[in-house]
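K.L.:
Sharing a structure here in structure tokens format.
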Amino acid sequence: MKLYCIAVLHKGETKVNSLASAHELSPFGYFQRSSVKEFMDFTCQIVAERTMVGSRASMKEKEYICHVYVRSDCLTGLVIADHEYPQRVAHTLINKVLEEFTGKVPKSQWPTANQRIVYGELAGYLQKYQDPKQADSMTKIQSELDETKIILYDTIEKILERGEKLEDMVDNSDRLSMHAKAFFQVARKTNSCCVIL
Amino acid sequence: MANDSRGCRLLSDLNSAFRRDPEIDEYDFLPVPEPKHNRSPLVLQEHKLGIESWSVKILFQYAYNQLISWRNNSPPTKFLDPTELCSLTRAILLVNADCSTAWNTRKELVDNGDLSVTEDLKFGGLVLKKHPKSPETFSHRKWLLHRFIDNCLASSIGSNTSSGSNACDRFVNMEAIDLNMDASFNGPNFDNAPDLINQPDYNELMRKEMNVCKNAADNHPCNYNAWSHRIWVLQHCFNCSLQVVYGELHSTEGWVTKHISDHSGFHYRQFLLKCLSQQAEKLSEQFLLNYRNIVQKEMYLITDLIKSYPGHEALWYHRRYVFQSLCESCDKIAMETIQPCEKSQENQQKKTKLENERQVLLMKEVDSVSNGDLTGREKYNQQLAQKYLDWIQKYCRR
């Protein structure tokens, strides 16, 4: 039961802006960590781009599940976890993080600010909520969560547009390093379970 | 062949890496399909070894061919000294952990005293980092542990202070191994403290072995081979000592709580419970623990997990085992206290009372599971609950 990543982004009209993120990479092999981190960020980006404003979703991909909520004001929260981590707790955690972030960083900064924003608590939450029972303190927020509104996707491919293919997106991306791309190709070929996508 | 000289060079690079850093604890193949520069494909950082993928096949084929040629007594490789054999087999196994020939060669090296048991166990631990399920690796470990136990027993025979007992008795009397468990669980002192615990490294080595199993289980979901090996260690190295078994029950609780869909983890707990049930009398006489209470506690644990994490089959299957254990424990008490042929009123009353207890147990369970509180609103969990109820009906018709 693991949490791998929490991220906050802003879904602007033309682009998605990454605001803050925290990663838990210790479950991965030493040499894979940098690529895995790149892929988690890449996943957050493309998922945020393709999720409608005001909607909540959980999308499965191999052993991972990416939970996302794009708030009506376009502030977007994502959590990447394994399939054991309860969906309810993941979405509650997203709500909590977005609420706190809103209090800390003025709205005007969301479209343009980048990772220079300091949101140190995020790493702490990632550690603390490795144990979902920690969510008990969030039960008030939990009961407000309407789970029936969460859209479920079997694979991330389901949210891609017609004709879009994951391999091409990875290849053409200018956000991924050569090393990460090579890592993706190898993992894809061996169908290994070390890659998010 | 050009590859031969490249292979030779790669092997020598690998050997230097291990010489430079004897504490390498992890390795991986790096996604570099073509050699891009004229440097060694090995990367060594913070005790982690990286091998560029283009070189893996060349290294493996070279090492493997050398080994097979040596075994066939073919001229160029007729005389390979133990160090060379050690490095060849190491290179082979890092890539293909299930190469029996390589492991068996290492067995010969151990037998000849060219390789120590602890050194080979350490190497196997490294291999398991990358190949956490490898059956041959676990099989080889069993052989090594047998060797270790034999060596311990052999060297302790000379210093035997308790006269009259043979090696077997000493092996069996391992209950006194102190394992840092709950303060509330202080077993009585045994008079015949066996010589095996006095062996400086025995306990530590066995504890390390349990840790290797745990790490392998962490690295691969439902790692049956790792958990089976753990069971084997309990049986053959700890002789299912009650203290150890109970300690394991305690220490794996946290693990299964964090791996709720791992059937193998729960299967291990079932094995532990079975061990305790087979020694239930000893458990209560010497350790003042009631087996039935332990099973009841397990029921509380599984109930809590089902409630907190709806929709995981492994939890429901484990519940079946626990419920079955409760019923069997009930039946056992019944068989012990009732004389089947005696028709006295007292006996009949006892019989009825125990039958009722069984019925009550059953009804309570059906009630708990049908209750929406346990099953929640999640659809899949409700299906699992229904399957469980169907199973109970069948189970109770037996």
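Bear in mind that the values in this text are calculations on the coordinates, not laboratory data. A quick note: this is a predicted structure, and the numbers were derived from the prediction, not measured. Because the Cβ atoms are built from the backbone with ideal geometry, glycine has one as well, and the counts that use them run over all protein chains shown.
K.L.:
Under 8 Å for C-alpha pairs, at least 6 residues apart: give me the relative contact order for chain B, rounded to a whole percent.
P.N.:
It rounds to 9 percent for chain B.
K.L.:
When the helix-only estimate is applied to chain A (DSSP H runs of n ≥ 4, each -39,500 (n - 2.57), divided by the residue count), what is the mean residue ellipticity at 222 nm, nearest 500 deg cm²/dmol?
P.N.:
That comes out to -10500 deg cm²/dmol.
K.L.:
Let me confirm one metric for peptide B:21-32, namely the mean number of other chain beta-carbon atoms within 10 Å of its residues' beta-carbons.
P.N.:
3
K.L.:
Follow-up question, since we're still on this one. Test of understanding: given chain B, find the longest segment containing no chymotrypsin sites (Phe, Trp or Tyr not before Pro) that are in a DSSP loop and have at most 15 other Cβ atoms within 10 Å.
P.N.:
Here the longest segment lacking exposed loop sites spans B:191-398.
K.L.:
Pull up the cross-link candidates among the aspartates and glutamates for A:LYS107, meaning alpha carbon to alpha carbon under 18 Å and not fewer than 8 places away within one chain.
P.N.:
A:GLU13, A:ASP73, A:GLU99
K.L.:
Can you list, largest first and rounded to whole Å, the semi-axes you get for the stretch A:1-150 by taking the square root of 5 times each eigenvalue of its Cα gyration tensor?
P.N.:
21, 19, 15
K.L.:
Suppose we flag GluC sites (Glu not before Pro) only when DSSP calls them loop and at most 16 other Cβ atoms lie within 10 Å. Which is the longest uninterrupted stretch of chain A?
P.N.:
Here the longest run is A:64-143.
K.L.:
If I model chain B as equal point scatterers sitting on the Cα atoms and use the Debye formula, what is log10 I(q)/I(0) at q = 0.06, 0.14 Å⁻¹?
P.N.:
The Debye formula, applied to the Cα set alone, gives -0.36, -1.21.
K.L.:
Could you pull out the longest piece of chain B with no exposed loop GluC sites (Glu not before Pro) in it, calling a site exposed if DSSP puts it outside H, G, I, E, B and it has at most 12 other Cβ atoms within 10 Å?
P.N.:
For GluC sites (Glu not before Pro) (loop position, at most 12 other Cβ atoms within 10 Å), the longest site-free span of chain B is B:47-341.
K.L.:
Here's a follow-up. Put +1 on the Cβ of each Lys and Arg and -1 on the Cβ of each Asp and Glu in the stretch B:213-326; which of B:CYS222, B:LEU272, B:TYR321 then has its Cα farthest toward the positive end of the dipole?
P.N.:
Farthest towards the positive end: B:TYR321.
K.L.:
Next up: Distance cut-off 31 Å, Cα to Cα: go down the list A:LYS149/B:LYS129; A:LYS2/A:LYS189; B:LYS297/B:LYS394; B:LYS122/B:LYS307 and report the pairs above it.
P.N.:
A:LYS149/B:LYS129; B:LYS122/B:LYS307
K.L.:
Okay, moving on. For B:LYS57, B:LYS350, what ranking results if the residue with the fewest other Cβ atoms within 10 Å of its Cβ goes first?
P.N.:
If I rank by nearby Cβ atoms, fewest first, I get B:LYS57, B:LYS350.
K.L.:
How about A:LYS158: which aspartates and glutamates have a C-alpha closer than 15 Å to its C-alpha, ignoring those fewer than 8 places off in the same chain?
P.N.:
Within reach: A:GLU49, A:GLU61, A:GLU167.
K.L.:
Additional query: Under a 5 Å amide H to amide H cut-off, with H placed in plane at 1.01 Å, what residues pair with A:TYR119 once short-range neighbours are removed?
P.N.:
Under 5 Å from the amide H of A:TYR119: no residue qualifies.
K.L.:
Between B:HIS140, A:ILE6, A:GLY77, whose Cα lies farthest towards the positive end of the dipole of the protein assembly as shown when Lys and Arg beta carbons carry +1 and Asp and Glu beta carbons carry -1, centred on the Cα centre?
P.N.:
Of B:HIS140, A:ILE6, A:GLY77, it is A:GLY77.
K.L.:
Here's another thing I want to ask about it. Using just the helices of chain B, give the 222 nm mean residue ellipticity in deg cm²/dmol: DSSP H runs with n ≥ 4 each add -39,500 (n - 2.57), and the total is spread over all residues, rounded to 500.
P.N.:
-22500 deg cm²/dmol
K.L.:
Ok, one more. So for B:SER40, B:SER284, fewest C-beta neighbours within 10 Å to most, what's the order?
P.N.:
Exposure proxy ranking, most exposed first: B:SER284, B:SER40.
K.L.:
Taking the Cβ-Cβ separation of A:SER108 and B:LYS36 as r and a Förster radius of 45 Å, what is the calculated FRET efficiency to the nearest 0.05?
P.N.:
So the FRET efficiency works out to roughly 0.45.
K.L.:
From zero outward in steps of 20 Å, how is the percent of C-alpha pairs of the protein assembly as shown spread across the bins?
P.N.:
Taking every Cα pair in the protein assembly as shown, the percentages come to 16, 40, 34, 9, 0.
K.L.:
Further question on the same structure: So if the hydrodynamic radius of the stretch B:261-394 is defined as the Kirkwood radius over C-alpha pairs, what does Stokes-Einstein give as its diffusion coefficient at 10 °C and 1.306 mPa s, in µm² per second?
P.N.:
Estimated diffusion coefficient is 97 µm²/s.
K.L.:
So what are the ³J(HN,Hα) numbers for the stretch B:223-234, from phi and the Karplus equation (6.51, -1.76, 1.60; θ = phi - 60°), rounded to whole Hz, Gly and Pro as x?
P.N.:
Here the 3J(HN,Hα) series is 7, 4, 4, 5, 5, 4, 5, 4, 4, 4, 4, 4 Hz.
K.L.:
With charges only on Cβ, +1 for K and R and -1 for D and E, what is the dipole size of chain A about its Cα centre, in debye, rounded to 20?
P.N.:
180
K.L.:
Give the long-range amide H neighbours of A:LYS2: residues separated by 5 or more places, or on another chain, with amide H under 5 Å away, using H modelled in the peptide plane at 1.01 Å from N.
P.N.:
The answer is A:ASP82, A:GLU84, A:TYR85.
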